[in-house]
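Student: Structure in structure tokens, see below.
The values are calculated or read from the model by the stated rules, or taken from the named source; none is laboratory data. In this text the structure is predicted, and so the values were computed from the model without any measurement. Positions of Cβ are generated from backbone atoms using ideal geometry, with glycine treated the same way; all protein chains shown enter the neighbour counts.
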Amino acid sequence: MKYKSILIATIFLLSSCSRPDYADPASQVELPQPIVDNFVMPTEVNIIPEQMSFEKENVQISEDDFVPYQDYTKENPITDPKTLIQIFNKLEPRYFAIFDKTGWYRFDLGLISRDDPNSSKSFWLHFTNLDEMRFDSSLSIDDYPSLYPEGKVRLNSAFINGMAGSTSYDFDSWNYHFNKPFDYNPDFQMPEPILANYNAYIPDDTPCSPPLGHCWLYREIDNIQNPVHEDREVKDVSSFTGWFETKNGIDSFALKTTTDSLGLLRADSDTNKLATRRTSIHYYDLKNGGFFFTEDLSDYTDGTSRAYTWDEAYNKVERFERLPDRVQELYDEALPKLEELYGKN
């Protein structure tokens, strides 16, 4: 069963075994290697099943995980789909290894706009139960200095004490109110927020949208397993290669996806040109499985092409024992508003 819930406006990262820790040094976590043959690829039907949870004792991380693949380079890439999936399955536990202590985790989601280098998106999760990877609070925050009033940030959504809501702002006064989750039923008991089951908390039918860090890994596997996409007159066929390299000083695994449009062509949103082929390379940090860099190329019917790169931030995370003052103020303001929305005050 798919639940629909809060609008989480940001894309958030969960990565980094070597994150900054604003508390005691992180304890070591040993996590098991998933069995590729038993891996169930999430789809729109089975994405993050309700009963699924992540148990740390079931997976392991080894320094030798990627040794068998070290000879694969950009000039001599992996082309076998099963091998590509094996590598993503080895990246997944590295992503979950970040959660080794209770407290608040801040996920850096990068810039809101390249036009404002001081802009930022962040997502905060609070954990009190790490055995089953359950979080009890979340905050989604945008900071956009060139657009927002001086000193103001925007709270997009919150989940506190079992109450979930997305915000609607009056931008003149900068006041906001919460909206209940879509299809809200006061008699419906929301499931316990399991990290691997967070899809129950978003209103989108798209699997893993907006994505956590591990959802990028799931999406890549889904694409590899389903290289042909057909939707009415649209037909896209993709091929995949992968290799290991040091990118921007980071030891990484790169997945190159080449997608040819064989049916109805779609216009590029930036150029309004019709693209016949799209090529993307996603780079994943080997230390934590975080997606950190994109290279994209679009080829158009007029013979021209457009290339661009983008710094992602899914390998950046910090841990806090308590919220910084500015974020605590947002939390304190949000709680009574949620209680009012749910009739608890």
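Student: Mind telling me which of the residues S252, S298 ends up being closer than 30 Å to I61 by Cα and surrounded by 15 or more Cβ atoms within 10 Å (Cβ to Cβ)? Can you show your working first?
Tutor: Values: S298 fails: closer than 30 Å to I61 by Cα.
That would be S252, the only listed residue that is closer than 30 Å to I61 by Cα and surrounded by 15 or more Cβ atoms within 10 Å (Cβ to Cβ).
Student: Oh, and also: Which members of the range 126-171 meet the condition of being touching a Lys or Arg at 6+ places or on another chain (Cβ under 8 Å), farther than 20 Å from F96 by Cα and not in a strand (DSSP E or B)?
Tutor: Y144, Y148, V153, listed by residue number.
Student: Return the residue satisfying two criteria in turn: it lies in the range 166-184 and is of a type in the set (D, E) and modelled with pLDDT under 90, and of such residues it is farthest from E329 (Cα to Cα).
Tutor: My answer is D183.
Student: Yes or no: the range 80-100 includes at least one residue that is at pLDDT below 90, surrounded by 14 or more Cβ atoms within 10 Å (Cβ to Cβ) and over 18 Å from the mean Cα position of the chain (by Cα).
Tutor: The answer is yes, given that some residue of the range 80-100 is at pLDDT below 90, surrounded by 14 or more Cβ atoms within 10 Å (Cβ to Cβ) and over 18 Å from the mean Cα position of the chain (by Cα).
Student: Based on what the data block shows, is L323 of a type outside the set (K, R), assigned to a loop (DSSP other than H, G, I, E, B), surrounded by fewer than 20 Cβ atoms within 10 Å (Cβ to Cβ) and in contact with a helix residue (DSSP H, G or I) (Cβ under 8 Å, 6 or more places away or on another chain)?
Tutor: Considered against the rule, which asks whether it is of a type outside the set (K, R), assigned to a loop (DSSP other than H, G, I, E, B), surrounded by fewer than 20 Cβ atoms within 10 Å (Cβ to Cβ) and in contact with a helix residue (DSSP H, G or I) (Cβ under 8 Å, 6 or more places away or on another chain), L323 comes out as yes.
Student: Of all residues in the range 85-98, how many are more than 11 Å from L217 (Cβ to Cβ) and either free of Cβ contacts under 8 Å to residues at least 60 places away in the same chain or of a type in the set (S, T, N, Q) (or both)? Reasoning before the result, please.
Tutor: If we filter the range 85-98 for residues that are more than 11 Å from L217 (Cβ to Cβ), which is where we start, we get 86, 97-98.
With either free of Cβ contacts under 8 Å to residues at least 60 places away in the same chain or of a type in the set (S, T, N, Q) (or both) added as a condition, the list becomes 86.
Of the residues in the range 85-98, 1 are more than 11 Å from L217 (Cβ to Cβ) and either free of Cβ contacts under 8 Å to residues at least 60 places away in the same chain or of a type in the set (S, T, N, Q) (or both).
Student: Among T276, T259, T294, which is under 19 Å from P77 (Cα atoms), part of a strand (DSSP E or B) and more than 21 Å from the chain's Cα centre (by Cα)?
Tutor: T259
Quick grid of which residues meet (1) within 24 Å of P81 (Cβ to Cβ); (2) without any contact (Cβ under 8 Å) to a residue 40 or more places away in the chain; (3) not hydrophobic (A, V, I, L, M, F, W, C):
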site: I221; (1), (2), (3): yes, no, no
site: R278; (1), (2), (3): yes, yes, yes
site: F291; (1), (2), (3): yes, no, no
site: D296; (1), (2), (3): yes, yes, yes
site: D311; (1), (2), (3): no, no, yes
site: N315; (1), (2), (3): no, no, yes
site: E318; (1), (2), (3): no, no, yes
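To keep it simple, each residue is scored yes or no on (1) in contact with a Cys (Cβ under 8 Å, 6 or more places away or on another chain); (2) assigned to a strand (DSSP E or B); (3) at pLDDT 95 or above.
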site	(1), (2), (3)
T271	no, no, no
K287	yes, no, no
T309	no, yes, no
Y314	no, no, no
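Student: Could you give every pair whose Cβ atoms fall below 7 Å, whose first residue belongs to the range 110-124 and is closer than 15 Å to K316 by Cβ, and whose second residue is assigned to a loop (DSSP other than H, G, I, E, B) and of a type in the set (D, E, K, R), counting only separations of at least 6 or pairs across chains?
Tutor: G110/E312
Student: Given the structure, is E220 part of a strand (DSSP E or B) and among the acidic types (D, E)?
Tutor: no
Student: Select from the range 101-120 the residues that are modelled with pLDDT of 80 or more and basic (K, R) and write down the one among them that is surrounded by the most Cβ atoms within 10 Å (Cβ to Cβ).
Tutor: My answer is R106.
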